[in-house]
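A short worksheet on the structure shown next.
The values are calculated or read from the model by the stated rules, or taken from the named source; none is laboratory data. Treat the numbers as computed from the prediction; the structure is a model and nothing was measured. No Cβ is skipped: glycine too gets one built from the backbone with ideal geometry, and neighbour counts run over all protein chains shown.
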Amino acid sequence: MTEQSRQKYTRTHGCNQLSSHNAGEQVVLAGWVNSLRNLGGVVFLDLRDRDGLTQVVVNPEELADAAEDVRQLREESVIQVKGTVRERPENMRNPDMKTGDIEVVASWLKIENLAAPMPFHLEDEEVGEDLRLQYRYLEMRRSGLIDKLRLRHRTSQIVRDYFDTSGFVEVETPILSKSTPEGARDYLVPSRVHEGKFYALPQAPQQYKQLLMASGVEKYFQIARCFRDEDLRADRQPEFTQVDMEMSFVERDDILTEVEGMIQRVMREMLGKEVPLPFPRMDYRDAMARFGTDKPDLRFGLELVEVTEHLRDTSFRVFQKVIDSGGCIKALPLPGSVQLSERRIEDWTRIAGEYGAKGLIWLKFEDEQTIKGPLAKFLTEPEIQAVRAETNAEKGDYVLLVADRREIAESALGRLRMEAAEAGELIPSDRYNFAWIVNFPLLEYDEEQGNYSPMHHPFTSPVKEDLHLLDENPLQTRANAFDIVMNGVELGGGSIRIHDPALQEKMFNVLGMGEEESRKRFGHLLKALGYGTPPHGGIALGLDRFVMLLAGAASIRDVIAFPKTARASCLLTGAPSDAEEAQWRELHIAPRRQQKEKG
RNA sequence: GGGGGCGUAGCUCAACACGGUCAGAGCGCCGGCCUGUCACGCCGGAGGUUGCGGGUUCAAAUCCCGUCGCUCCCGCCA
């Protein structure tokens, strides 16, 4: 190898670093061609690396050999350039560019990779998301996605440091795990060694972390990947990341305090926001009654009120029927600034219908005494007055009414509260409101299965005072569980767990599991509880959702490097894909279609 | 499993309600010109299975049915 060819042109500067102070210096830059301006003789190109842009000038007199190559260049090609930093003439500086006072006059240029024409405009935000996902690596180059990944990285760092400082130990738990048919659908992994048996990917490290409490770890945390084979949403991916933690010898408020401290630190260091502690705590029942959801967005008002009693003797037959059958009438007062066009009422009626509401009634207060709307000819003067007083409505305000079963009326109006806030631009940006929702019901009745199912999970402890209700009135039993809500997004949930094996067995029993079945599914846990497991509890927070909110993003896909589509496929790699026949034979499985053809 | 929105050139979109002219525009791409641009400019050109399959019709991008993909929501997500 000659001396010449061994000469290494390693980068001397980043594309954001040079200024007029460097004038006259020999530098080597490397990066992508961000844009190209070929004037026939002289060629200008903006070179981009992960830090910034620098203009490079290719002058035919000074670089005759490379000038021909430069003509072939296309945007997003990768090049290395050696050259001299030159101050630009006064009238040719670019004040919009950080390095706009200088340019690098190329004396040597190497095309490392001549890029094919881009399949889409990299900076065009209107490009279809499917195309951007297919070329995710191209989207990342210019979309600000990398900044979001940096934000995510730093958030994880702070979380790790916070828990480390508080004496927590990060423990990794298995990805190949055991299927438990409760809860979400499992992703299954067939076993080659054990014919006909399967691992499951963890929906959460729940049981392992409780076993770590039995192990004496006392303070555990993990930034853990979780998998759930359920239908997706803007804030749900089939695989996602939880900040998972568990503590021994604690009560509910110890956990809440620990988490509040962590969130406060993240908000301070990531956004420079000082969030006041403690976060407000709201009963599940109150959240439902006032906001129609268990994850209320507290950045704005617009609370629901109940008007059932005021309209108990109404002549409006639809309402009368609902009241007679034990339903209720909930109202959502809206300021007149939220325009209720006919089209909007139609749209919102359809939305209310998605929640099972059979209708949506509106009225407008023309003044204190007079209302407009379909109820105008049905409501009496005192009824109007009562509704007005209850809703605090003023002249020009609207009231939306849903009469139905309580859950339906509340959840439908809860959703319309969000629609109205958006439509009326009532949501302050740059504001962060946290709240704890506490005292969830322990159980709900599963109509399909015809039995009780846990609202959180089967290891959740009832609140002490409600223990007796487990026999008398299971649905009335409150759980010692809590959710944390940030700007209307459920960030995470946790609970105090059951650490008494007898109570745990009883719980399984209430859930309709016989002794044999519960031992088969959860025997390992029950056994551990019997060998000296301390009282414990913990929480899991959705890291993707948290970072999404910190980044001001609309979907968790925007804070995940390689997300999946709403149908759980990866457009970049094409996963999931077919497997070789030899592969599934080795795993003792066959696609059903194949079996049918054979059988 | 159910409902809403979208699918036309490489990209973004127009033409679609009321079926009928060669399916157009901007950007990108290709060729030519251009030595101070920074959204460089100017001239010329190529590029289409209107997602796919079927139907109605003399005639379908347009109407109907089915299907696939993306997306939002309900159910689901212990």
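Numbers below:
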{"quantity": "Strands (runs of 3 or more DSSP E) completely within region A:22-107 that count 1 or more residues being small (G, A, S)", "calculated": "A:26-38, A:78-87"}
{"quantity": "Test: residue in region A:253-271 that is assigned to a loop (DSSP other than H, G, I, E, B), in the same structural domain as A:Q222 (by TED's automatic domain parsing) and under 22 Å from the mean Cα position of the chain (by Cα)", "calculated": "no"}
{"quantity": "Matching residues, region A:436-454, being touching a helix residue (DSSP H, G or I) at 6+ places or on another chain (Cβ under 9 Å) and either within 23 Å of A:A204 (Cα to Cα) or near RNA strand B (Cβ under 10 Å from one of its atoms) (or both)", "calculated": "A:W436, A:I437, A:V438, A:N439, A:F440, A:P441, A:L442, A:L443, A:E444, A:Y452, A:P454"}
{"quantity": "Residues that are assigned to a loop (DSSP other than H, G, I, E, B), surrounded by 13 or more Cβ atoms within 10 Å (Cβ to Cβ) and touching a residue at least 60 places away in the same chain (Cβ under 8 Å), drawn from region A:406-450", "calculated": "A:G424, A:L426, A:I427, A:Y432, A:N433, A:N439, A:F440"}
{"quantity": "Residue within region A:184-193 that is on the phi > 0 side of the Ramachandran plot, within 16 Å of RNA strand B (Cβ to nearest atom), in a loop (DSSP other than H, G, I, E, B) and at pLDDT below 95 present", "calculated": "no"}
{"quantity": "Within region A:470-490, considering residues that are out of contact with any Pro (no Cβ under 8 Å at 6 or more places or on another chain) and among the hydrophobic types (A, V, I, L, M, F, W, C), the one surrounded by the most Cβ atoms within 10 Å (Cβ to Cβ)", "calculated": "A:A481"}
{"quantity": "Only one of A:T565, A:T533 that is more than 33 Å from the chain's Cα centre (by Cα), among the polar types (S, T, N, Q) and surrounded by 13 or more Cβ atoms within 10 Å (Cβ to Cβ)", "calculated": "A:T533"}
{"quantity": "Selection count where residues are of a type outside the set (V, I, T) and in contact with an Asp or Glu (Cβ under 6 Å, 6 or more places away or on another chain), scope region A:37-75", "calculated": "2"}
{"quantity": "Members of region A:571-586 that are out of contact with any helix residue (DSSP H, G or I) (no Cβ under 8 Å at 6 or more places or on another chain) and either near RNA strand B (Cβ under 8 Å from one of its atoms) or part of a loop (DSSP other than H, G, I, E, B) (or both)", "calculated": "A:T573, A:G574, A:A575, A:P576, A:S577, A:D578, A:A579, A:E580"}
{"quantity": "Residue satisfying all of: in region A:445-482; touching an Asp or Glu at 6+ places or on another chain (Cβ under 6 Å) and modelled with pLDDT of 95 or more; farthest from A:F546 (Cα to Cα) among these", "calculated": "A:T477"}
{"quantity": "In region A:148-176, residue farthest from the chain's Cα centre (by Cα) [restricted to those that are without any contact (Cβ under 8 Å) to a residue 60 or more places away in the chain and either under 24 Å from A:L271 (Cβ atoms) or surrounded by 17 or more Cβ atoms within 10 Å (Cβ to Cβ) (or both)]", "calculated": "A:T165"}
{"quantity": "Residue selected from region A:110-126 under the condition touching a helix residue (DSSP H, G or I) at 6+ places or on another chain (Cβ under 8 Å) and aliphatic (A, V, I, L, M), by the criterion farthest from A:E68 (Cα to Cα)", "calculated": "A:L122"}
{"quantity": "From A:P95, A:P60, residue being more than 7 Å from RNA strand B (Cβ to nearest atom), at pLDDT below 95 and more than 22 Å from A:T10 (Cα to Cα)", "calculated": "A:P95"}
{"quantity": "Odd one out for A:L332 among (1) among the hydrophobic types (A, V, I, L, M, F, W, C); (2) out of contact with any helix residue (DSSP H, G or I) (no Cβ under 6 Å at 6 or more places or on another chain); (3) not in a loop (DSSP other than H, G, I, E, B)", "calculated": "(2)"}
{"quantity": "Exclusive hit being at pLDDT 95 or above and either within 10 Å of RNA strand B (Cβ to nearest atom) or under 43 Å from the mean Cα position of the chain (by Cα) (or both), set A:E126, A:E112, A:E103", "calculated": "A:E103"}
{"quantity": "Scope region A:331-346; condition in contact (Cβ under 8 Å) with a residue 12 or more places away in the chain and either of a type in the set (V, I, T) or surrounded by fewer than 20 Cβ atoms within 10 Å (Cβ to Cβ) (or both); matching residues", "calculated": "A:P335, A:G336, A:S337, A:V338, A:Q339, A:L340, A:R344, A:I345"}
{"quantity": "Check on A:Q210, assigned to a helix (DSSP H, G or I) and crowded, with 22+ Cβ neighbours inside 10 Å", "calculated": "yes"}
